[in-house]
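For reference, the structure discussed in these notes is given below.
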Amino acid sequence: MAISCRYATQSCARQLRSVFSARAPAQMLRIASTTRRFNSTEAAPTNPKIAEIVDQISRLTLLETADLVSSLKSKLNIPDMPMGGFAAAAPAAAPAAEEVEEAAPAAAEKSLFTLKLQAFDAGAKAKIIKEIKSLLGLSLVDSKKFVESAPKMMKENIPKDEAEKIIASMKELGATVVME
């Protein structure tokens with residue numbers, strides 16, 4: 001779906017560029033004012049540097065866009081978010097002050113663990129990628145990159161029983177997962 005929408009956007013942009021170059025300036029203003037309504041409710045970037053970057057990004061393929069996102073995440077130290085994104089993370093941040101006080105006694109008995117993918121069997125790589133995709137809610141490309149970059153943290157703050165289930169299922173597939 002995203003590829004077809006991207007193709008439609010690029011086709012419209014190409015058509016508008018050809019129309020803009022062929023029409024008179026007065027007609028171009030009329031066309032620009034009508035097309036802006038359909039493209040976005042926000043104003044177009046006025047900074048030419050930003051406009052150029054937006055234009056370059058709009059020409060990227062889906063794989064190049066995924067690489068751009070992962071590069072920006074690593075460069076800007078942005079953590080991977082679960083499928084809820086920032087909206088799901090916001091309510092969890094509100095009671096953080098209360099949790100700090102409660103965390104001190106709980107640290108002695110440690111009930112939450114972190115799972116780390118250490119290694120995997122090369123023959124079962126496809127099955128492991130599919131399992132990581134379903135566990136973490138990543139895209140197929142991101143899941144492949146995740147598995148290939150092992151050792152890597154899978155999940156944090158997991159209850160012990162859930163962590164043991166994940167370790168058992170990954171071990172059946174041929175992956176080595178460590179609970180820390």
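Roughly how much of E162 is accessible, in Å² to the nearest 10, using a 1.4 Å probe?
Rounded to the nearest 10, that gives 70 Å².
Could you report the accessible area of D80 in Å², rounded to 10, computed with a 1.4 Å probe on the protein chains as they sit in the structure?
100 Å²
Report the gain in length on full extension from T9 to E148: 0.36 nm times residue separation, minus Cα-Cα distance, nm rounded to one decimal.
Computed gain between T9 and E148 is 46.7 nm.
Treating the beta-carbon of each Lys and Arg as +1 and of each Asp and Glu as -1, no other charges, what is the dipole magnitude of the range 113-179 about its Cα centre, to the nearest 20 debye?
My answer is approximately 180 debye.
Leaving ligands and nucleic acids out of the surface, order F120, F113 by accessible area at 1.4 Å, largest first.
Reading off the accessible areas and sorting them downward yields F120, F113.
If DNA, RNA and ligands are ignored and the probe is 1.4 Å, what is the ranking of I158, I57 by accessible area, most exposed first?
I57, I158
Rounded, prolate or oblate: which fits the range 113-179 when a ≥ b ≥ c are the square roots of the eigenvalues of the alpha-carbon gyration tensor, with rounded for a/c under 1.5 and prolate only if a/b beats b/c?
It comes out prolate by the Cα gyration axes.
Cut-off under 29 Å on the C-alpha distance; same-chain residues fewer than 8 positions from K144 excluded. Which lysines are left, in chain and number order?
Qualifying lysines at Cα under 29 Å: K73, K75, K116, K125, K127, K130, K133, K152, K155, K160, K165, K171.
The values are calculated or read from the model by the stated rules, or taken from the named source; none is laboratory data. Everything quoted here is computed from the prediction, not taken from an experiment. Note that we place each Cβ from the backbone using ideal geometry, even for glycine, and neighbour counts take in every protein chain shown. Quick note on the areas: whole protein, heavy atoms, side chains included, nothing else; ligands and nucleic acids left out. Shrake-Rupley method; radii C 1.70, N 1.55, O 1.52, S 1.80 Å.
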